[in-house]
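In what follows, a single structure is set out as structure tokens and then discussed.
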Amino acid sequence: MKKWIAGAALALTAMTGTAMADGHGDYPERPVMLMVSYGAGGATDFQARIVTMTAGNEDALNMPIAILNKSGAGGRVGWNWLAGAEADGYTLGAYNVPHFIAQSIEGGVDYSTDSFEPIANWGADPAVFVVGADSEFNSMDDVIAYATANPGGLTFSGAGLFVGHHIAALQLEKAAGVELAYIPNNAGGAGAMRAVIAGEVLGGVNNLSDAFRAREAGTVKILGVFDLERNSFIDDVPTLIEQGYDIDNASVNYRGVMVPAGTDQAIIDHLAAVVPTMFENGRVASRMAAGGSPMHIMNRAEVQEMWAQRQVTLEALLADL
Amino acid sequence: MTDLPRTQHIITSGAIAAVGITVAYISYTQEPAAAFVFPRLIATVFALLAIWTFVKALLGRTKVGQGVNGQDMRNLLPGLVVTLIYAFWAAKELGFYTATTITFFILLTLYDPAPHTEAKTWIKRVLITAGFMAVMYGLFAMLLNVYTPREIFS
Amino acid sequence: MEFLYYMGDVFTPINFGLLLLGTIGGLILGATPGLSPTMTVALMIPFTFKLEPQQGLILLGAAYTSTVAGGAVSAILLKIPGAPANIATTLDGHTMAQKGEGAKALQISFIASAIGGLFGVFLLIFLTPVLATWALAFGPSELFWLAILGVTVIGTLDSSSVVKGLLSGCIGLWLATIGFDDIMGAQRFIFHSSVSGGINVIPALIGLFAIPQVIAMFAKGRSNVDAEIIVVQRHPIGAAFREVFSRKRALAIGTAVGSIIGLIPGVGGQIAGLVAYDQSKKMSPESAKFGTGHPEGVIAAESANNAMVGPSLVPLLTLSIPGSPTAAVLLGGLLIHGIFPGPALFTQYPEVVWPFINSMLVGQILMCVFGLLIAGWAANVARVPRAVMAAVVLGLAVFGSYSVGHSMGDVYVMAALGLAMYFLERFGFSAAPLVLGLILGPIAEANFMQGAMIANATIGQMAYFFTGWLNWLLILIVLASIGYSIWMELLQRRYTTKEDAQA
């Protein structure tokens, strides 16, 4: 009887066996998994699905990339998982800067910039300040004037604490020298946008891509961009700097691919060479543009530099809290 | 026998009350306090209800729930042990497909009333196991691309 | 009536083929434990990359429609609710299947689904502008009261004792706080690394419902089944239609509750079924029959689940805000083709939107037809020997909970909760209120925290949570619900029989 059991087990493992073989001479030999630390349908998830859709092409990885969503607590759940995941080259993760760096500075998580190795960046989504379409505010000066008259009374929503929106809010508070009431939303960017449209809050910080879409739908006005330059999707909207507030691009939401530290250097090099070209694919660019998602491709060295910069900026900004 | 459920009620409701009190204690002592406002509210109600249930059980006034009798316990124990080993150890260490095959077969052997002495019984059990595993493999590995932990035989 | 103009587009050979594919695929994936409707639709998105926008959306619309109904199959036959929406379906549906009435349970579930679903989609077609304002009416204070209303349902839901029901609910509410809290990011009650990411609702559901049933089968031992062989009754489809239409109260309550609750962003899909079940139980003269395999329970739960599908898309299509996780995934399906939802959607892309909505109408009917075809055959699952059934459910539970997040932690949580639940059930606790607590906890907490923050910055907490007619309406319903529970408890006490006292 034991033979039967062993036989059945062997037959089964033979089926899975080929997919489980080790060694990375011909990496990748099986589909690769990309962990996204936000729910299916969120902006990061949506973009990750587009930029990885050509992974199966021969000039890319030659293997498809499957998306795995691990959402919760502003991304902490997913990145905690990735920091402890098997560094076998088949487990990739999507990063959101400044989110994960700010969270690691704040503490209470198992990761820092040293826990991950960047591969490439695909997008940069600046934060913008939005108000409802019927709001009396028409510029950032109107907003700040209200906040000065009502200290701590200007309610505005964002996707959570220690994410890009929160960083933008802190920068605004510091640059304008006023006290604001930042309301983190548990339902992410979409929930924060809903709060603005429904008039539950007076304004909000949100992703440029979502705000652009909402403005097309006629439900919001965009008053300012938290970036160094205007954005081509909404080039009529001035930056915060133009409006006289000294705010840099520390809150811009950079999205890209990384692997857990400890992944074989040969695999990292292979991915770092292939993944940026995969992002440059024309089909990817047209889909991203159609969805209103700004692209910004950076290679591994550029991302490493960007991470190091953000670490310094954010440590200084969050030290004041 | 009439007293058995009562003792069992005291044990379970006592365990729940202990959990409730622990949760309440943690809620009121942990920092940051702002993150524990809601847990405190829940834990307070939880602990109070749990203590009430416990007192009712002590007084023997619990009306619902028939408890677990000795015969049930003897019957379910082997299956329970197999389930525990499967879920908490074998699935990860042996791989999902290997562990499920073995567990499935053992459970059939333990609970299938057909006589163990006939060859026909064993063939049937092997076929059912193989059929089930084929469906699971097709659904989860091939259709849904679920990457399960490494199989021990590969 | 513009939707009729585009009805023809659904029936071109390619589009209809995709509609069939979406419906059948959705039914199968929806019935797979661990795959929620959101994940099923997300899995279908890559197929739409290569399709025309119209075709892609038809596939997604059909899939969304049928996965919600597909979840009822595993809920009825295996007692594994595929998603929170199907919890209420297990309560009476699985009991019916055990009695050999699986065919009937499946048939009425599909018919009720189709009726509720069609109603919901018609609401979407005719009342979208009106409904859009309603979807925005629910801010943090209203959502908080709504969650509290849900909590008051806990005591009376599928539990023989109000106190034990409430206690089960509290355990669920507490379990929901484990992990990082969603707003502050602080860690709470993390006593083991498997729960560091919090308790995921779907593995918890699988564990709480499926595992106690597996252990109960073990408890019956290696006895010969001949003594209690189940006769799977055949059930004519015509009779199923008559059954559903004769239970007008449950059907109406389910459809109404599903349509109204489905509109509320972030809450609807998960609790519509349970609230509808509880309401029909309270308003039924035969409320004692609920939980013992009463068709009305299945009808109320399933009509509510599918009635929610249409309205849940209203905030997305009109305001460009995804109101539910599934709507968020559908938003991705639209964006990928460069289509921005919003008020202009119906004028700019009528050739995409109307076929999409039509695909949900036709999908409801197709889903019902397929469902009725397989019902008689699928009900034979009840004849599977107990030993095989226990092993199958256990295997599915492990695979299903793992596949949600590719995590062993979810499997451990599933098994641990399941084992604990078996013993708790033996002492008068039940899984449904516990799960309701697990779902409502985060909604109540997050909205309370947000509301308190807004209130502190503006008009103060008392004024914030107690102004506005909608707040007061919800508070009154909460009070009525609590009053009803207390009254029922007192009545029960007076009529407690000797048997109950001994049990």
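The values are calculated or read from the model by the stated rules, or taken from the named source; none is laboratory data. Because the structure is predicted, anything quoted here is derived from the model rather than measured. Positions of Cβ are generated from backbone atoms using ideal geometry, with glycine treated the same way; all protein chains shown enter the neighbour counts.
Name the residue, out of B:F46, B:F36, B:F54, that is crowded, with 16+ Cβ neighbours inside 10 Å and over 24 Å from the mean Cα position of the chain (by Cα).
Of the residues listed, the single one that is crowded, with 16+ Cβ neighbours inside 10 Å and over 24 Å from the mean Cα position of the chain (by Cα) is B:F36.
Within the stretch A:50-99, restricting attention to residues that are aromatic (F, W, Y) and within 12 Å of chain C (Cβ to nearest Cβ), which residue is farthest from C:I336 (Cα to Cα)?
Filtering the stretch A:50-99 for residues that are aromatic (F, W, Y) and within 12 Å of chain C (Cβ to nearest Cβ), the one farthest from C:I336 (Cα to Cα) comes out as A:W81.
For the stretch B:15-39, how many residues meet the condition of being more than 12 Å from C:F427 (Cα to Cα) and either aliphatic (A, V, I, L, M) or at pLDDT 90 or above (or both)?
15
Looking only at the stretch B:1-16, how many residues end up being more than 10 Å from chain C (Cβ to nearest Cβ) and among the hydrophobic types (A, V, I, L, M, F, W, C)?
Of the residues in the stretch B:1-16, 3 are more than 10 Å from chain C (Cβ to nearest Cβ) and among the hydrophobic types (A, V, I, L, M, F, W, C).
Counting only residues that are more than 23 Å from C:P385 (Cβ to Cβ) and of a type in the set (G, A, S), which one in the stretch B:78-105 is surrounded by the most Cβ atoms within 10 Å (Cβ to Cβ)?
Across the stretch B:78-105, the extreme among qualifying residues is B:A91.
Which condition from (1) without any contact (Cβ under 8 Å) to a residue 12 or more places away in the chain; (2) buried (at least 24 other Cβ atoms within 10 Å of the Cβ) is the one that C:P285 breaks?
Exception for C:P285: condition (2).
Which of the following residues is surrounded by 20 or more Cβ atoms within 10 Å (Cβ to Cβ), over 16 Å from the mean Cα position of the chain (by Cα) and under 30 Å from A:G108 (Cβ atoms): C:G197, C:G293?
Just a single option satisfies the conditions, and that option is C:G197.
Being within 26 Å of B:F36 (Cα to Cα), within 28 Å of the chain's Cα centre (by Cα) and of a type in the set (S, T, N, Q) is the requirement here; does C:N447 meet it?
yes
Restricting attention to the stretch B:37-68, report how many residues are facing chain C (nearest Cβ under 9 Å), of a type outside the set (A, V, I, L, M) and either out of contact with any strand residue (DSSP E or B) (no Cβ under 7 Å at 6 or more places or on another chain) or farther than 15 Å from C:T177 by Cβ (or both).
So the count comes out to 11.
May I ask you to verify whether C:A420 is crowded, with 24+ Cβ neighbours inside 10 Å, of a type in the set (A, V, I, L, M, F, W, C) and out of contact with any strand residue (DSSP E or B) (no Cβ under 9 Å at 6 or more places or on another chain)?
no
Out of everything in the stretch A:148-162 that is touching a strand residue (DSSP E or B) at 6+ places or on another chain (Cβ under 9 Å) and at pLDDT 90 or above, what residue ends up being farthest from A:S104 (Cα to Cα)?
A:L154
Any residue that is touching a residue at least 40 places away in the same chain (Cβ under 8 Å) and more than 7 Å from every other protein chain (Cβ to nearest Cβ) - is there at least one of those in the stretch B:78-93?
The answer is yes, given that some residue of the stretch B:78-93 is touching a residue at least 40 places away in the same chain (Cβ under 8 Å) and more than 7 Å from every other protein chain (Cβ to nearest Cβ).
When residues of the stretch C:162-191 are filtered for being over 23 Å from the mean Cα position of the chain (by Cα) and assigned to a loop (DSSP other than H, G, I, E, B), how many remain?
Residues meeting the conditions: 8.
Taking B:N145 as meeting all but one of (1) in contact with a strand residue (DSSP E or B) (Cβ under 7 Å, 6 or more places away or on another chain); (2) more than 7 Å from every other protein chain (Cβ to nearest Cβ), write down the number of the exception.
If we test B:N145 against (1) in contact with a strand residue (DSSP E or B) (Cβ under 7 Å, 6 or more places away or on another chain); (2) more than 7 Å from every other protein chain (Cβ to nearest Cβ), just (2) comes out false.
Name the residue, out of A:V275, A:V284, that is surrounded by 19 or more Cβ atoms within 10 Å (Cβ to Cβ) and more than 14 Å from every other protein chain (Cβ to nearest Cβ).
A:V275
Could you run through the stretch C:196-227 and say how many residues are modelled with pLDDT under 80 and within 14 Å of chain A (Cβ to nearest Cβ)?
Result for the stretch C:196-227: 2.
Would you check if C:G338 is at pLDDT 85 or above and more than 20 Å from A:A187 (Cα to Cα)?
No, not satisfied.
Using the structure shown, decide if A:D141 is in the same structural domain as A:V225 (by TED's automatic domain parsing) and acidic (D, E).
For A:D141, the condition - in the same structural domain as A:V225 (by TED's automatic domain parsing) and acidic (D, E) - is met.
Condition check ((1) assigned to a loop (DSSP other than H, G, I, E, B); (2) within 14 Å of chain C (Cβ to nearest Cβ); (3) out of contact with any Leu (no Cβ under 8 Å at 6 or more places or on another chain)) across all residues:
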position: A:N186; (1), (2), (3): yes, yes, yes
position: A:V201; (1), (2), (3): yes, yes, yes
position: A:N206; (1), (2), (3): no, yes, yes
position: A:F212; (1), (2), (3): no, yes, yes
position: A:G218; (1), (2), (3): yes, yes, yes
position: A:L223; (1), (2), (3): no, no, yes
position: A:D248; (1), (2), (3): yes, no, no
position: A:G256; (1), (2), (3): no, no, yes
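From the list C:V404, C:V435, pick out the single residue that is within 11 Å of chain B (Cβ to nearest Cβ) and in contact with a helix residue (DSSP H, G or I) (Cβ under 8 Å, 6 or more places away or on another chain).
The match here is C:V404.
Return the pair list, or none, for Cβ contacts closer than 9 Å from residues in the stretch A:151-163 that are closer than 22 Å to C:G185 by Cα to residues that are among the hydroxyl-bearing types (S, T, Y) and surrounded by fewer than 24 Cβ atoms within 10 Å (Cβ to Cβ), at least 6 apart or on different chains.
Taking only residues 6 or more apart or on different chains, the pairs are A:T155/A:Y182; A:T155/C:T458; A:F156/A:Y182; A:S157/A:Y182; A:G158/A:Y182; A:L161/A:Y182.
Look at the stretch C:321-353 and say how many of its residues are assigned to a loop (DSSP other than H, G, I, E, B) and either under 27 Å from C:G8 (Cα atoms) or of a type in the set (V, I, T) (or both).
11
To keep it simple, each residue is scored yes or no on (1) among the small types (G, A, S); (2) in a helix (DSSP H, G or I).
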{"position": "B:L48", "(1), (2)": "no, yes"}
{"position": "B:K56", "(1), (2)": "no, yes"}
{"position": "B:F88", "(1), (2)": "no, yes"}
{"position": "B:A134", "(1), (2)": "yes, yes"}
{"position": "B:M142", "(1), (2)": "no, yes"}
{"position": "B:T148", "(1), (2)": "no, no"}
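When residues of the stretch A:124-150 are filtered for being under 18 Å from A:Q309 (Cα atoms) and either of a type outside the set (G, A, S) or within 14 Å of chain C (Cβ to nearest Cβ) (or both), how many remain?
2
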